[in-house]
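Since the structure comes first, as structure tokens, the remarks are kept for the end.
The values are calculated or read from the model by the stated rules, or taken from the named source; none is laboratory data. Bear in mind the structure is a predicted one, so any value in this text is a computation, not a measurement. Cβ atoms come from the backbone with ideal geometry, glycine included; neighbour counts cover every protein chain shown.
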Amino acid sequence: MRVLVTGGAGFIGSHYVRELVGGAYPAFADAEVVVLDKLTYAGNEENLAPVADSPRYRFVQGDICDAAAVEDVMAGTDVVVHFAAESHVDRSISGAADFVLTNVLGTQTLLQGALNAGVGKFVHVSTDEVYGSIEDGSWPESHPLEPNSPYSASKASSDLLARAFHRTHGLPVCITRCSNNYGPYQFPEKVLPLFVTTLMDGGKVPLYGDGLNVRDWLHVADHCRGIQLVAESGRAGEVYNIGGGTELTNRELTGLLLDAMGADWSSVEMVADRKGHDRRYSVDITKISTELGYAPRVDFAEGLASTVRWYRENRPWWEKLKARANG
Ligand SMILES: NC(=O)c1ccc[n+]([C@@H]2O[C@H](COP(=O)([O-])OP(=O)(O)OC[C@H]3O[C@@H](n4cnc5c(N)ncnc54)[C@H](O)[C@@H]3O)[C@@H](O)[C@H]2O)c1
């Protein structure tokens, strides 16, 4: 069996590849794993160093918008797990073009390549942000798509294309929509590693608006386990929400990170709210739980402590990326 992982040099994709090649998913234990990644500012081959010497692993640098490169790499593929995306909301506010190119055109190029190659399963990794913002309760997968940022609009567009390739052509596509991921190897522009690394250097962390926006936190290991369940047993044409079960306001998360880093609120700077900032995200995970037996396993306090420890122990990893992002 051959598995093609797009965006495998990023935060979540690299976790999935390390687990997959490392044998954490028994049903795919013998799979040959090919990573297709453009290595944008967010991609980092170092994230794959732990599996680089495996004979079951191959890295291909390439763009998912490049139909010829996609055709090459897709030949002989049984399963596609598609992570590649422009993923940072703030960047989509300052400029949306790359988001439309990679997330929309890139996904369409992959779907067409998968169709041409007769791929047996295509897992499209999406986000809960496509549903918009919800005051109370949680979204089931049937909720209409009401994205509010250019990032989430581009992801919603890619979800619709994935659905269309299933409905029109019968491509066996599954879509996953997860909440906010955290864990090691996350690019230090996202809130959790940004705050931890800034506090480590004695800096001030920026808290948007009133700090009361609510997010559900999902450990990357739980997310990837959910994706794997969908890759193995998800029904074609279906959408599966994946959540972590820990809802926090940004203010609460900041308090926990200050405690973990031995800092106090004098290290926090309140800044103007993000434009169009969604108030709350919350996914209903009944479907993946009842159909595929998914449940988050990582306790949030333990997951947070081990993540903070990882950033403490891996300064050379994030220092380089921060310098790259700022330069
Ligand atoms: N991080 C989260 O909390 C979160 C939450 C919900 C959904 N998601 C989704 O999960 C997926 C992975 O997110 P992440 O946080 O790991 O992202 P990331 O930004 O860390 O990694 C993205 C990867 O995609 C690669 N890439 C970007 N454009 C490409 C292109 N045109 N061709 C080939 N490769 C390209 C990058 O080089 C990088 O390795 C994304 O689809 C994202 O929308 C992430």
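Report whether or not residue 20 is near the ligand (Cβ under 6 Å from one of its atoms) and either surrounded by fewer than 20 Cβ atoms within 10 Å (Cβ to Cβ) or in a helix (DSSP H, G or I) (or both). In short, no.
Scanning region 45-102 for residues that are more than 10 Å from the ligand (Cβ to nearest atom), in a loop (DSSP other than H, G, I, E, B) and more than 30 Å from residue 271 (Cα to Cα) returns 52, 53, 54, 55, 56, 75, 76, 77, 78. Restricting 255, 234, 244, 209 to residues that are among the small types (Gly, Ala, Ser) and without any contact (Cβ under 8 Å) to a residue 24 or more places away in the chain narrows the list to 255. Only one of the listed residues (232, 269) is outside the structural domain of residue 14 (by TED's automatic domain parsing) and either surrounded by fewer than 16 Cβ atoms within 10 Å (Cβ to Cβ) or on the phi > 0 side of the Ramachandran plot (or both). That residue is 269. Exactly one residue out of 79, 130 is among the hydrophobic types (A, V, I, L, M, F, W, C), closer than 25 Å to residue 193 by Cα and crowded, with 17+ Cβ neighbours inside 10 Å, and it is 130.
For region 112-131, give me the residue count where each residue is of a type outside the set (Asp, Glu) and either within 14 Å of the ligand (Cβ to nearest atom) or at pLDDT below 95 (or both).
Pass one, region 112-131, residues of a type outside the set (Asp, Glu): 112-127, 130-131.
Filter once more, keeping what is either within 14 Å of the ligand (Cβ to nearest atom) or at pLDDT below 95 (or both): 113, 122-127, 130-131.
Of the residues in that region, 9 qualify.
Of the numbered criteria (1) farther than 18 Å from residue 183 by Cβ; (2) part of a loop (DSSP other than H, G, I, E, B), the one residue 269 fails is (2).
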